[in-house]
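Before any comments, here is the structure.
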Amino acid sequence: MCGIVGYVGKNQNSLSVLIEGLKSLEYRGYDSAGIAINNQGRIKIIKSVGNIANLERKLDKKILSNLGIGHTRWATHGKPCLKNAHPHQVGKVTLVHNGIIENYEKLKKSLQDEGYKFKTDTDTEVACALMDKIYKETNDKLLTMQKVKEMIEGSYALAIIFADDIKNLYAMRKDSPLIIALGKDENYLASDVPAILQFTDKYILLEKNEYAIINALNVKVYDNNFKEIKKQILTYEGSREVAMKNGYEHFMLKEINDEPMVIKATYEQFINKNLKELIDNMPDLAKYNNIDIVACGSAYHAGLVGKSLIEEYANIPVKVELASEYRYKKNFGNDSTLTILVSQSGETADTLAALRKAKKEKSATLGIINVVSSSIAREADNVLYTKAGAEISVATTKAYLSQVLMLALIAINKAFVNGNISSKEEKDLLEDMQKLPQEITSLINRKDEFASIAKQIYHNNDVFFIGRGIDYALSREGALKLKEISYIHAEAYAAGELKHGTISLIENKTPVIAIVTDETIAEKTISNIKEVKARGADVTFITTESLNKKYAQSDFYDRKIVVPSTNKFFQALLTIIPLQLLAYEVAKLRGENIDKPRNLAKSVTVE
Ligand code: G6P
């Protein structure tokens, strides 16, 4: 949700660092982009509408500059147009902002009363004007930042240049992420680590109530009393290549191809030879009587799969809530509730707010998080890291898969502690788990099969996904994947509920993707598939090898996808792969911008 980069160095590199950094932050938004650089002692601002490539085309590459800030925008206040693009400049202050200033209207009114005129529709310009006004009054930059912090409400990460001090960058944040990265004779600011990985792997995390002053040789961070703080220097431990496409046409495809590796890295943290290791390596889950899973988007869909597994096999009630709903409703959590926050970025504003609410209500909290040291990871009582590595494609694939695996491991842990897994089952389960990377690879290798099914679907305006239980949870993720990158209206429905209204939308050749992997209710779902088939639907049937043997007749579908049968805890991890690849192939046939679908952003740090 908006990306920020900053550079200050002895070299005159700022243009290329800002552009390269912004390119790797485009997953945070790409409505417009802009930079402000030191151009021979004056601040030069260049902006453009659309993505970073548009901005790059506008730049004179020959300009040398030793300091600058850059921004890629996901519009919140004011439409995506040139005037609303960042950086914003008022008086002596030029800045870029990620987040939302909630009280900007009130502040704007009082600044207007004092004579400030506004050129844009953004909340950011108001923060900029406020900073200018206070700086004029105090002539002290740290004090200005502190006073501005006290006056603005909402979330923000701000990178600032003061016109009378073009040797330093200034920064502050609350609830939107910001790191300071450390190079040799040059230092950087960024919303996220991928932006600086090609320059350095050393960084520090800026916290709320901290203020940073950064130049080529020094980074100084101050607390709210202006006392200098010694910050811990972190080293990024992932591979630099993960942040690159590695020859794949799209990040989404590359990330699907990472899935076998991600699954292995995720389970190997906890479990290799026996289930006892799982209990030793995870926080103690035995003491909780009920679980709330809270998340947004695909992470919420992972939660729905987790609910099916935990309730069915560990016999514990689970509620799955959308974080944006949970944060404003009554939740009945108490000290025997475990609230699990699932988030790839660990920064999603609603999920972060839900975490804080759960803590207030005395529930224990556990984050299932991908980005190390992100806000949710730091604030939750405990954290389990999915090992998906950097995910760039806006539509999540590998991070979702690792979330599903982590919830399956929690279900196994609980089921084992409750005595619901025999030693024979334990042996099978471990064997099945170790086969997963190979089975996922074999599904990915069937890409052409899914591409030819995509040809049957891509010209439609509506697609329906149906299933029951865990297959319904997968249908919801399959539909989301398809709609977000192909812009086809896709709707997931509980198969048994179709007859209460939605079946009226089925007509000749309406595409229906029907998922049947749960043996216990397969018959029932197949009856529902027959109901839509009888009304002309064009049915793609997705099932497992073992069910395929049982339901060999082909009178209720037009084509089928058979996925390997695996342990009940892991089946979802295989079944989702064709749905991810199908969405990818459909979007490709339609010529859409797969990695950066319109109107979306990957890290949603606004409410
Ligand atoms: C956005 C992304 C989704 C993601 C959701 C939650 O909508 O496009 O892919 O599932 O945010 O993000 P999180 O980082 O909390 O998992």
From the cross-link list 136/360; 329/560; 92/208; 23/329; 231/319; 47/117, which pairs have alpha carbons spaced over 31 Å apart?
136/360; 329/560; 23/329; 231/319
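What is the sum of charges around residue 536, taking Lys and Arg as +1, Asp and Glu as -1, for the other residues whose C-beta is under 15 Å from the C-beta of residue 536? Working shown, then result.
On the way: positive: 509, 530, 533, 535; negative: 462, 507, 531, 538, 555, 558.
Counting the neighbours of residue 536, the net charge comes to -2.
Give the ranking of 356, 42 by solvent-accessible surface, highest area first, calculated with a 1.4 Å probe. All intermediate terms of the calculation are to be shown ahead of the outcome.
Details: 356 80, 42 180 Å².
Ranked from most to least accessible, the order is 42, 356.
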Share of alpha-carbon pairs per 10 Å distance bin for the chain, given as whole %:
3, 17, 25, 24, 17, 10, 4, 0, 0
Fully extended contour minus Cα-Cα distance, from residue 332 to residue 535, at 0.36 nm per residue:
68.7 nm
For the chain, longest principal axis from Cα atoms; helix 14-23 axis from its Cα atoms; angle between them, nearest 10 degrees, is 20 degrees
Please report how far the C-alpha centroid of the stretch 501-579 lies from that of the stretch 79-102, rounded to the nearest whole angstrom.
50 Å
If you fit an axis through the alpha-carbon atoms of helix 104-113 and take the longest principal axis of the Cα set of the chain, what angle between them do you get, 0 to 90°, nearest 10?
20 degrees
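Could you grab the relative contact order for the stretch 138-197? Cα pairs under 8 Å, six or more apart, rounded to a whole percent.
Values: 58 pairs, mean separation 13.4, N = 60.
Normalised by residue count, the contact order of the stretch 138-197 is 22 percent.
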By what distance, in whole Å, do the Cα atoms of the stretch 2-242 stretch along each of the three principal axes, largest value first?
51, 42, 32
³J(HN,Hα) computed for each position of the stretch 343-350 - Karplus, 6.51 cos²θ - 1.76 cosθ + 1.60, integer Hz, glycine/proline x
7, 5, 6, x, 10, 4, 4, 5
Could you give log10 I(q)/I(0) at q = 0.13, 0.14, 0.18 Å⁻¹ for the stretch 316-375, computed by the Debye formula over C-alpha point scatterers of equal weight, without solvent?
-0.30, -0.35, -0.57
Can you sort 121, 292 by 1.4 Å-probe accessible area, starting with the largest?
121, 292
Solvent-accessible surface (1.4 angstrom probe) belonging to residue 558, in square angstrom, nearest 10:
70 Å²
Going by alpha carbons, how many degrees (0 to 90, nearest 10) lie between the helix axis of 141-151 and the longest principal axis of the chain?
50 degrees
FRET efficiency (residue 509, residue 246; Cβ distance; R0 41 Å; to 0.05) is 0.60
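For the stretch 245-443, what class follows from the C-alpha gyration tensor (a ≥ b ≥ c being the square roots of its eigenvalues): rounded when a/c is under 1.5, otherwise prolate if a/b is larger than b/c, else oblate?
oblate
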Selection of GluC sites (Glu not before Pro), the stretch 503-541, meeting DSSP coil and at most 13 other Cβ within 10 Å
507
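Excluding residue 384 itself, what net charge comes from residues whose Cβ is under 15 Å from its Cβ, given Lys and Arg +1 and Asp and Glu -1? Walk me through the numbers on the way to the answer.
Working: positive: 378, 387, 414; negative: 268, 277, 280, 284, 379, 381.
Net local charge, residue 384 excluded: -3.
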Quick one: accessible surface of residue 270, probe radius 1.4 Å, all protein chains present, in square angstrom to the nearest 10.
10 Å²
For a quick check of understanding: with a 1.4 angstrom probe and all protein chains in place, what accessible area in square angstrom does residue 491 have, to the nearest ten?
50 Å²
Length added when fully stretched, residue 143-residue 423, from 0.36 nm per residue minus Cα-Cα
94.4 nm
Starting from 0.36 nm per residue, how many nanometres of slack lie between residue 62 and residue 81 once their C-alpha separation is accounted for?
4.2 nm
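By accessible area of protein heavy atoms, probe 1.4 Å, what ranking do 261, 151 get, highest first? Numbers along the way, then the final one.
Working: 261 110, 151 75 Å².
Of 261, 151, the descending order of accessible area is 261, 151.
Remind me, relative contact order of the chain in percent, using alpha carbon pairs under 8 angstrom and six or more residues apart? Could the numbers behind the result be given before it?
Details: 1345 pairs, mean separation 73.5, N = 607.
The normalised contact order for the chain reaches 12 percent.
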Check which residues have an amide H placed less than 5 Å from residue 339's amide H, if you skip close sequence neighbours.
292, 364, 365, 366
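The values are calculated or read from the model by the stated rules, or taken from the named source; none is laboratory data. None of these values were measured; they are calculated from a predicted model. So basically every Cβ, Gly included, is an ideal-geometry build from the backbone, and we count neighbours across all protein chains shown. Accessible surface areas use protein heavy atoms only, side chains included; no ligands, DNA or RNA. Shrake-Rupley method; radii C 1.70, N 1.55, O 1.52, S 1.80 Å.
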